[in-house]
Number of protein chains: 2
Amino acid sequence: MSPLCYAGRVNASRTARERVRAELTREITEVARGQLATEGAGGLSLRAVAREMGMVSSAIYRYFPSRDDLLTALIVDGYNAIGEVAEQADATCPAGEYARRWLAVCRAIRDWALAHPHEYALVYGSPVPGYQAPQQTIGPAARAATVFGKIISDAWQAGALQPAGICPPPPESFAADAGALRELVLPGAPDDVIAAALGCWTALFGMISFELFGQFENVITDRAAFFAHTMACQGRLAGLPG
Amino acid sequence: MSPLCYAGRVNASRTARERVRAELTREITEVARGQLATEGAGGLSLRAVAREMGMVSSAIYRYFPSRDDLLTALIVDGYNAIGEVAEQADATCPAGEYARRWLAVCRAIRDWALAHPHEYALVYGSPVPGYQAPQQTIGPAARAATVFGKIISDAWQAGALQPAGICPPPPESFAADAGALRELVLPGAPDDVIAAALGCWTALFGMISFELFGQFENVITDRAAFFAHTMACQGRLAGLPG
DNA sequence: ACAAAACGAGAGCATCGCTCTTACAACTCA
DNA sequence: TGAGTTGTAAGAGCGATGCTCTCGTTTTGT
């Protein structure tokens, strides 16, 4: 009677069935990521994914209730991939060389974006369809930002931050947000440092998006060099020495 | 025999037919812009446009050979709209107050983007379909940039630019591009000023895109104030006093 | 007045996202 | 072991899309 008696068995069988389910779910996202890479987000089709897997289109809906849910899964994957390359790039640098860490992270994210343009567009480009802001994405989205936040707060706590001193103080309305950011990703940093860091962070993605979305066409030729230069400037604006 | 004999007539009759054609073309883009505003780029449908105009879908193809061509027309319109608000905002400021002009242009573009989010996404977001860089868009794209370039070069030529002095010199590979930009939109400015201005410009759109595409959700509450603050910092980085 | 070009309408093709029903397989549990 | 439950795949189908083609009609140029 009590379900607890069979708990072990239930779990075993569940994992038996859930295992193939998880495997199929993984394969769907993998095939979808392949289609995304070649066709872009607009060309991703559930029917084509099903076709490539030898399934019938309606079967996909057992795993993803709608096309948007598949896209959301890919978005989460994208955030995680960006977060991972950022973490790895940061880890290869000496902890005390903050500007170098910042540049390494910038470069890693840009390289990933250039290698996966459609995935980047899905994550940091315009929201695709009727869109929504799915809550599941906020966690993975913070992963890369956490890496950056640690660089800044490490530098701050080591007393290595050399503020440029050219910015006016941030608006009072920013204080509450700065407090939240200080707790999450920028421990110890004062408001003006947090504001500068946020500006830095958005400039990074503005740069990558401009390059990837064609705004630098016929404008900049050596984009890698210009990118590194601009990111170095932004890093200095945030106080990173070097 | 010679077509020149009938040049006047030909022109008159041509304008007779071409006038209704131009009018219909304009109406199509207008209806399409309405649909774009409510549904977004993904939901723009030639059939729906035709339906709203009382036409049959195939008739649209007499005016726009494909859906992408309609989108391209809307992109050109978007660039022009942004360029126009930038020009107007710049014109309302005293010519000598360069930082104020810069902030006014920033605010005007942001306001337009917030008022026309789907159009902004179409222009500065991820390229929609299999994408291409249509040549017809490069002219209108430069319109807003020209306004900004004039602010910087005006300030430079008036000797009012106060470089922050925190940036390393731009890479050598940037010299050629800087030369082209100097001729087009930044007359007289040296390479480092041009590089800083470009960084400024991309930071502006990075900021707007982050806000519009949801990256500031649960992060920044008073976005207008933070935007103005960050743009002021960026202006100072480019040397604008104020 | 007449040939050529432009045009709107309609039917049609392939494809899409998604729903519903049906048949089969695996699992549960007495 | 055998009956009942449940997850799954398959197929048909709906409404809609972008786009092509053909077929009369109108407008244009000579």
Exercise for review: Provide the descending list of Cα extents for the protein assembly as shown along its principal axes, expressed in whole angstroms.
Suggested key: 99, 62, 40
**Study point:** Check: the stretch B:90-242 dipole with +1 on Lys, Arg Cβ and -1 on Asp, Glu Cβ, in debye
**Key:** 240
Review point. Which value in nm describes the separation of the simple spin-label points at residue A:84 and residue B:162, placed 7 Å from the Cα toward the beta carbon?
Key: 4.9
Exercise for review: Multiply the residue gap between residue A:17 and residue A:135 by 0.36 nm, knock off their C-alpha separation, and tell me the result in nm, one decimal place.
Suggested key: 39.7 nm
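Size of the dipole of the protein assembly as shown about the Cα centre, Lys and Arg at +1 and Asp and Glu at -1 on the beta carbon, nothing else charged, in debye to 20? Show your work: numbers first, answer last.
Numbers: 40 positive and 48 negative charges, 248 e Å.
With only Lys, Arg, Asp and Glu charged at Cβ, the dipole is about 1180 debye.
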Practice item. Taking a label point 7 Å out from Cα toward Cβ, give me the nm distances from residue A:242 to the same spot in the other copies, shortest first, one decimal. Key: 3.1
Review point. Between copies, how close do the residue B:159 label points come, placed 7 Å along Cα→Cβ, listed in nm from shortest?
Key: 4.2
Point to revise | GNM flexibility winner over chain B from B:232, B:113, B:175 (Cα, springs under 10 Å) | key: B:175
Practice item. Please list B:55, A:207 in order of solvent-accessible area, largest first, computed with a 1.4 Å probe with all protein chains present. Key: B:55, A:207
Exercise for review: Express the Stokes-Einstein translational diffusion coefficient of chain A in µm² s⁻¹, to the nearest whole number, given a Kirkwood radius over alpha-carbon pairs, 4 °C and a viscosity of 1.567 mPa s.
Suggested key: 64
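Would you mind giving the average projected area, over all directions, of the Cα convex hull of the stretch B:110-242 in nm² with one decimal? Please list the in-between numbers first.
Numbers: hull surface 38.6 nm².
Taking the Cα atoms of the stretch B:110-242, their convex hull projects to 9.6 nm² on average.
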Check your understanding: Modelled label-to-label distance, residue A:48 and residue A:175, 7 Å Cα→beta-carbon offset: nm?
Key -> 5.3
Review point. How much area per residue is accessible in the protein assembly as shown when the probe is 1.4 Å and only protein heavy atoms are counted (Å²)?
Key: 48
Exercise for review: Could you please point out the chain A residue with its Cβ nearest to the axis of the rotation taking chain A onto chain B, and the distance in whole angstrom?
Suggested key: A:206, 1
Check your understanding: Within the stretch B:17-38, whose backbone N sits under 20 Å from a point 7 Å along Cα→Cβ of residue B:62?
Key -> B:17-32
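So what's the net charge close to residue A:163: Lys and Arg +1, Asp and Glu -1, counting the other residues with Cβ under 10 Å from its Cβ?
0
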Review point. Most fluctuating residue of B:195, B:50, B:59 in a GNM of chain B with Cα springs under 10 Å: which is it?
Key: B:59
**Study point:** Per-residue [θ]222 nm for chain B (sum of -39500 (n - 2.57) over DSSP H runs n ≥ 4, rounded to 500)
**Key:** -22000 deg cm²/dmol
Revision key, fill the gap. In terms of the charge dipole of chain A, which places +1 on Lys and Arg and -1 on Asp and Glu at the beta carbon, the residue among A:237, A:204, A:80 farthest towards the positive end is A:80
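The values are calculated or read from the model by the stated rules, or taken from the named source; none is laboratory data. Note that the structure is a prediction, hence the values are computed from the model and not measured. Here the Cβ is made from the backbone with ideal geometry for all residues, glycine too, and neighbour counts use every protein chain on show. Surface areas here come from the heavy atoms of the whole protein model, side chains and all, with no ligands, DNA or RNA. Shrake-Rupley method; radii C 1.70, N 1.55, O 1.52, S 1.80 Å.
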